[in-house]
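The values are calculated or read from the model by the stated rules, or taken from the named source; none is laboratory data. In this text, all values refer to a predicted model and were calculated from it rather than measured experimentally. Every residue, glycine among them, receives a Cβ derived from its backbone with ideal geometry; neighbour counts consider all protein chains shown. What goes into the accessible areas is simple: the full protein's heavy atoms, side chains included, and nothing from ligands, DNA or RNA. Shrake-Rupley method; radii C 1.70, N 1.55, O 1.52, S 1.80 Å.
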Amino acid sequence: MKRRILAVFTLVPLAAAAADVTVFENVRVLTMTPAGTLASATVVVADDRVRSVGSGGDGLPADARVIDGSGMTLMPGLADMHVHYFSENEGPMFLANGVTTVRNLWGTAQTFALDADNKSGATAGPHIYTSGPLMDGPEPIWGEGSVKITVPEQVIGAIESQRAVGFKAVKLYEGLTAEIYAAAVAAARDRNMQIWTHTPADMSVDEVINLEVDSIEHFNNVGDFIYIPREDNADVGYFDRWANADRGRMQELASLSAAKGVWHSPTFAVIAKRYEYGAEPDVFFDLPEAGYVGPFLADWWRDSATRMTPYDDVKRAAAERQLEFLKMLYDSEAPLLIGTDTPNPFVLPGFAIHDELAAFVAAGIPVADVLRIATAEAARFLHEEGEWGVIKAGARADLVLLHDDPLRKPSTLRTPAGVMINGHWYSADALAAQLAAAKERLAEANAEK
């Protein structure tokens, strides 16, 4: 069978004898490029790259995999830009929800091995971009796994060590002093490493933004900046600060973030949504996807729920004000990331991305821009603009095939017809099989508790 290809973009040479070729025909394409949406196109993938985007084809190998995309939509895979990813069991959960890339904020040497296996197809899971182990002060919040730093010279050595291992970013945490933090930022910059950060306890978030770090996670310490203390100077908690935040201060911080080019990853899934789920943990654990929660996480999450205060009017007001701040960032053209902070309590790998996407839409950001933030913008943050997060000739073949148009029906992202990662194709049936295998491994682990 011959097909005529009229390529929209430049062709990438195809080694006919060796290439593994997949053809998506008659499919709506959300390119996430200036080409916009193509109503009906043919996308040819050779090995791990998009070869062409066009309107027909010929000269393809006889054994090319041909997928009829009639009535379907092809878009770049989603990126969850704040995760903690530990085992191969989590990989199918990401892929089954259309996530083909993650940013991991506490890596080890094992993270590199997991990423390599995912890329090769030895395991089913997303690409992983990772920082090294978390860097904190002399009494790390998260214990012995952190790198304990007490003087500036130590942080310089620790960053050089992580660079030598191959990490491209550092994760800076709340126990670092202002002096050590400044030394860390300078050391990372000197080594061309990104800075992903919380706000240290003895610094304000505007001071951190003025250092032009790459990203601030969870709106960390934003609540302290945007809250004007009461006349009686009474101390109030995290949610009260947000619920009573000053909109003028919010806009000031949004404008500063835009001016300095600092990205924000709000992680609404872990800030507010977990309190909604944690209010009724039995209801959550009755959900079908709760079968993917292993024994350690299940115990941790249930215990966490017993210590959560109710999801009351103050928390709801705080969540609404956080959405307002997100919209201010968006309107100010400050750069944004979509991340979940999985696997914190009730933040399930892969599945939680839909809560985060919904929060961005609820803030008033158009669906098209939310999807752009979750794809092309994520690649731009990692200085790989055009390399992935788009569908064009030469881009990495990380794709999601959907039954409907996500611009019109975002819920279609929850049930992909198939996912391609690095050129490896997983049909809906293949994804279901990978999920079933992961669930079986977790069930065995639960039985052995």
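Phe219's amide H: which non-local residues (gap 5+, or another chain) put their own amide H closer than 5 Å, with H modeled 1.01 Å from N in plane and none for Pro or chain starts? Residues meeting the amide H criterion: Ser265. When the residues Leu74, Leu323 are ordered by accessible surface, computed with a 1.4 Å probe over the protein chains alone, the sequence from largest down reads Leu323, Leu74. Heavy-atom accessible area for Asp313, with the other protein chains in place and a 1.4 Å probe, reaches approximately 120 Å².
The helix-based estimate of mean residue ellipticity at 222 nm for the chain, built from -39,500 (n - 2.57) per DSSP H run of four or more residues and divided by its residue count, is -10500 deg cm²/dmol to the nearest 500.
Residues in region 405-449, backbone N under 20 Å from the label point at Asn26 (7 Å along the Cα-to-beta-carbon vector): list them, ranges by number please. Answer for region 405-449: 405-406, 417-419, 427-428. Count Lys and Arg as plus one, Asp and Glu as minus one, and take only other residues whose Cβ is under 13 Å from that of Thr150; the net charge is then -3.
Taking 20 Å as the cut-off, the amide N atoms of region 140-173 that come nearer than this to a point 7 Å along the Cα-to-beta-carbon line of Ala109 belong to 144-148, 157-171. Put the Cα centre of region 140-178 next to the Cα centre of region 262-341 and the gap is 27 Å. Spatial offset of region 70-130 relative to region 347-395 amounts to 14 Å, using the alpha carbon center of each. Label positions at Glu448 and Asp313, each projected 7 Å from the Cα along the C-beta direction, are separated by 5.1 nm.
Take the alpha carbon gyration tensor of region 142-213, find the square roots of its eigenvalues, order them as a ≥ b ≥ c, and report rounded if a/c is under 1.5; if not, report prolate when a/b exceeds b/c, else oblate. Since a/c reaches 1.5 but b/c is at least a/b, the shape of region 142-213 is classed as oblate. A crude spin-label estimate for the pair Ser255 and Val165, with each label 7 Å from Cα along the Cβ direction, gives 4.2 nm.
State the percentage of accessible surface on region 70-137 attributable to carbon and sulfur atoms; use a 1.4 Å probe and exclude ligands, DNA and RNA. Don't skip to the answer; put the middle values down first.
Working: 930 of 1560 Å².
Answer for region 70-137 is 60 percent, counting heavy atoms of protein chains only.
Per residue, how many Å² of accessible area does the chain show with a 1.4 Å probe? List each step's numbers first, then the result.
On the way: 18380 Å² over 449 residues.
Ligands and nucleic acids excluded, the figure is 41 Å² per residue.
Shape class for region 228-336, computed from the alpha carbon gyration tensor (a ≥ b ≥ c): oblate, with a/c not under 1.5 and a/b at or below b/c. Protection proxy ranking of 249-261, 185-197, 329-341, by the mean of other Cβ atoms within 10 Å over each peptide's residues and highest first, is 329-341, 185-197, 249-261. Give me the percent of accessible area attributable to carbon and sulfur for region 282-362, probe 1.4 angstrom. Ligands and nucleic acids excluded, carbon and sulfur give 54 percent. Atom-type composition of the exposed protein surface of region 201-277 places 42 percent of the accessible area on carbon and sulfur (1.4 angstrom probe). The alpha-carbon of Lys260 sits under 20 angstrom from the alpha-carbons of these lysines, leaving out residues fewer than 8 places away in its chain: Lys171, Lys327.
Roughly how tilted is helix 247-260, in degrees to the nearest 10 and between 0 and 90, from the longest Cα axis of the chain? So the helix axis and the longest Cα principal axis differ by about 60 degrees. Between the Cα long axis of helix 428-447 and the first principal axis of the chain there is an angle of about 40°, rounded to the nearest 10. Relative to the longest principal axis of the Cα atoms of the chain, helix 313-331 runs at roughly 60 degrees. With Cα atoms as the point set, the chain shows a radius of gyration and Dmax of 22.4, 80 Å.
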